[in-house]
Every structure is written in structure tokens, then in C-alpha cells.
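A.B. asks: Quick one: the structure is below, and I'll ask about it shortly.
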């Protein structure tokens, strides 16, 4: 039986859940529209101020950049930068896969560094939301955290697998270092 997902570039292996990065790219692309506006408006205000302070003289205002080049930068360059940035973030999220094997859940922490938590050391699951990225955090007293993005395929099955291992935080004892 082939475990491949219907999207090119996505492979769902045994015990793995991968993010539907195209769905995440769509969410981040919406954010990139706001990013374009936030970058473009201050530049336009700065250039308008500069244009007025130079006595409405195009030559003095745009001595290093032609008006056509300036407007190309604002209306083509900044949006293109925003879309490329959104695409890179969505591709970076592809490495955030979650693996459950050998009694451990392996995934990425907040800083995208790989982390493994023994299933028996899981203390709680919490929600996380920042800049349009929503995740469920697997917490452990001794082994840190693993973030599971909410766009992960088979998320409900994964959470169902983790639920029996949830323990009380007081019962977890970390080995002394």
C-alpha cells in the first residue's frame, strides 16, 4: 500500500504526519499582503515628504532612482519580496514533521531545533498562536516542548495517540544532572 499523500512533495510514512504546506502558504500569503502595505506606505510617505521638501523637483527627489524605477520598486518589488518571503516560510515549515516511534515523539521546538520527548514524560498539551501560525504544544518537564502545527495531516489521530500518555506534572521526576 502506497503511503504517499496526493500532493507532490508530500510523503506520509509510517508514524509520520506532515504539514500541508500549500495550505499554510495560502494563510501566509494573506499575511504578505499586509506586509506589502506596511512596507510600501512608509516608503511612499518618505518619498512624498522628500519630494515636497525638494520643491516638487523630480530631478532632485529621484537623483539616484527614476520615478519609473521607484514605482516599479514599490508596486512590483515589495509585493514580490513579500510573496517570496511567505513562500520561504511555508517551505521552512515542511521540516516541522512529527514522528512517533520507539516510545518517543520527535519534532521541532519553538526555534525549529529537533527535539525528542519520551511519550511517558508528556505532561500536557497546550495551544499556541503567533503571527497566524497555530500549533499544539507537547510539554514535558524534563525534555522541553515539541510544536505540532494545526495544519498537520492526521492531527486528530496523532492527538489520540498522545492522549493516553498525558500524566500529571507532579508525578514526573526529572533525573538530576
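The values are calculated or read from the model by the stated rules, or taken from the named source; none is laboratory data. Just so it is clear, the model here is predicted, and its values are computed rather than measured. Please note: Cβ atoms are built from the backbone with ideal geometry, for glycine as well, and neighbour counts cover all protein chains shown.
A.B. asks: Would you confirm whether any residue within segment 96-111 is exposed (fewer than 12 other Cβ atoms within 10 Å of the Cβ) and either assigned to a helix (DSSP H, G or I) or at pLDDT below 85 (or both)?
C.D. replies: Taking every residue of segment 96-111 in turn, none turns out to be exposed (fewer than 12 other Cβ atoms within 10 Å of the Cβ) and either assigned to a helix (DSSP H, G or I) or at pLDDT below 85 (or both).
Yes or no, residue by residue, for (1) touching a residue at least 24 places away in the same chain (Cβ under 8 Å); (2) not assigned by TED's automatic domain parsing to the domain that holds residue 130:
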site	(1), (2)
63	no, yes
67	no, yes
71	no, yes
76	no, yes
87	yes, yes
108	yes, no
111	no, no
116	yes, no
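A.B. asks: Let me ask you something else. Any chance you could count how many residues in segment 112-156 are more than 27 Å from residue 30 (Cα to Cα), in contact with a strand residue (DSSP E or B) (Cβ under 7 Å, 6 or more places away or on another chain) and not in a strand (DSSP E or B)?
C.D. replies: The number of residues fulfilling the criteria is 4.
A.B. asks: Can I ask one more? Would you say residue 38 is at pLDDT below 90, closer than 28 Å to residue 132 by Cα and surrounded by 11 or more Cβ atoms within 10 Å (Cβ to Cβ)?
C.D. replies: no
A.B. asks: Here's a follow-up. Restricting the search to segment 58-80, which residues are at pLDDT below 90 and surrounded by fewer than 11 Cβ atoms within 10 Å (Cβ to Cβ)?
C.D. replies: Answer for segment 58-80, where residues must be at pLDDT below 90 and surrounded by fewer than 11 Cβ atoms within 10 Å (Cβ to Cβ): 59, 63, 64, 68.
A.B. asks: Going by the structure shown, is residue 140 modelled with pLDDT of 85 or more and either touching a helix residue (DSSP H, G or I) at 6+ places or on another chain (Cβ under 7 Å) or in the same structural domain as residue 27 (by TED's automatic domain parsing) (or both)?
C.D. replies: In short, yes.
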